[in-house]
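Single-structure report; data block below.
The values are calculated or read from the model by the stated rules, or taken from the named source; none is laboratory data. Note that the coordinates shown come from a computational prediction; the quantities given were computed from them, not determined experimentally. Note that we place each Cβ from the backbone using ideal geometry, even for glycine, and neighbour counts take in every protein chain shown. Quick note on the areas: whole protein, heavy atoms, side chains included, nothing else; ligands and nucleic acids left out. Shrake-Rupley method; radii C 1.70, N 1.55, O 1.52, S 1.80 Å.
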Amino acid sequence: MITFLYIVALIGCIWAALCALPAGAEARMPLPYMIALTPFLWIPLLAGAGVAAWLHAWGALFCLLADALLTSSQRLSYWGLSSDPRAKRRETHRETSRETQSGEHETGRETLPAQFAVMTLNCRYGRADADDIVANVRTRGIDVLALQEVSDDLMARLDAAGIGELLPYHQSGEAKDTDNGGYNVVFSRYEPAAAVPNVVTIPAADVPAVTLRLDDPRSDDPEPAPDASPHRTRTVTFCSAHPKSPMRGCADWSAGILGLRAIANASAIDDHNIAVVMGDLNSGTDHPSFRALLKAGFKDASLTQGAGPNLTFPRWLKWPRIELDHVLFTPGLQPSGVKSFEIKDTDHLALTATLTVK
């Protein structure tokens, strides 16, 4: 039995080591799925540790506990950022105030306010309940909505449900036979300064983007920085992305995730402009390809908030769920109120966040 426990510990160590592969090296079956399940390995490892303690096998106990901690390290990082309790109270008050006014936001204005709410949802081949989507956009005061796996039928149902009254502007990707479940769309409450059907080419559905002018609070600073450009308008570019799942090809899956790095590295995205990528990215922090995306310059809203992960798949299970949907942004924003919630007739939870310009 003690030998068996050491074997379990060795398997756990090797499994956890898969998360440390170079980005792209995990693009081989079944590695993406094994890595996605890494955060749940603590269950058999702790069970084994209990047996080791009962047998007084202290060496095996230590190895199993170390493995359990190692396999949970990425999940634990979601609680790794400490926050000032006073700041949390300020955020709660600010979000409550926003919610009471969510139905009164002005549409058609030219600039994005310094604090805005976003939402992303995988619509499950266009089957998502359009009325439920619109109801949540209204009650949550959503300013920018990113949808994936959209169909023409869903667009028609959203229109009938009144999406245009809340988010009158939208940009969709071009529908293609090679789309993974449908095309992607970005909706906006505010008039875009620019919009494109595909901002970056990846082996998946097009990545549509809208660029909004930002109502920059720093423009009122009486003592701007010496290198500031007071006459230059800051912008935020919002993208809806959906890399393929590994079952559609591991190489395309990894290439799609890594390809999104080009958005953070674009010459238009610098200290003056901000990029926000939302969507079902079919990956999480345990995947090397996703961590490479963060290293390219993106921050993850859930990770940055530091209040725990927001697990989004599958919708019909309370546990276990994995993290696939994300709100990513380049420096210049502070997230709060990041949370997941159900939308009818989908297989993913929706994800929302309030983003505030620093």
Legend entry - Under 12 Å, Cβ to Cβ, from T312 - net charge with Lys/Arg +1 and Asp/Glu -1: -2
Inset, instruction - Over the chain, average the accessible area per residue using a 1.4 Å probe and give it in Å², no decimals. - result: 45 Å²
Inset, instruction - Pick out which of G249, G279, G306 has the largest mean-square fluctuation in a Gaussian network model of the chain, springs linking Cα atoms closer than 10 Å. - result: G249
Legend entry - For segment 138-200 versus segment 257-314, the gap between their alpha-carbon centres in whole angstrom: 20 Å
Inset, instruction - Over the chain, with every protein chain in place, what whole percent of the accessible area is carbon and sulfur at 1.4 Å, could you tell me? - result: 57 percent
Legend entry - Paramagnetic reach from F40 (point 7 Å along Cα→Cβ, amide N under 18 Å) across segment 321-358: 321-325, 347-349
Inset, instruction - Output the relative contact order of the chain, whole-number percent, from Cα pairs under 8 angstrom with separation of 6+ residues. - result: 19 percent
Legend entry - Counted charge near T178, where neighbours are those whose Cβ lies closer than 11 Å (Asp, Glu -1; Lys, Arg +1): -2
Legend entry - Angle between the chain longest axis and helix 2-17 axis [Cα atoms, degrees, rounded to 10]: 20 degrees
Inset, instruction - Apply 1/(1 + (r/R0)^6) to the Cβ-Cβ distance of A262 and I2, taking R0 = 35 Å, and write down the FRET efficiency to the nearest 0.05. - result: 0.10
Inset, instruction - Could you tell me the distance between the Cα centroids of segment 1-44 and segment 321-349, to the nearest Å? - result: 26 Å
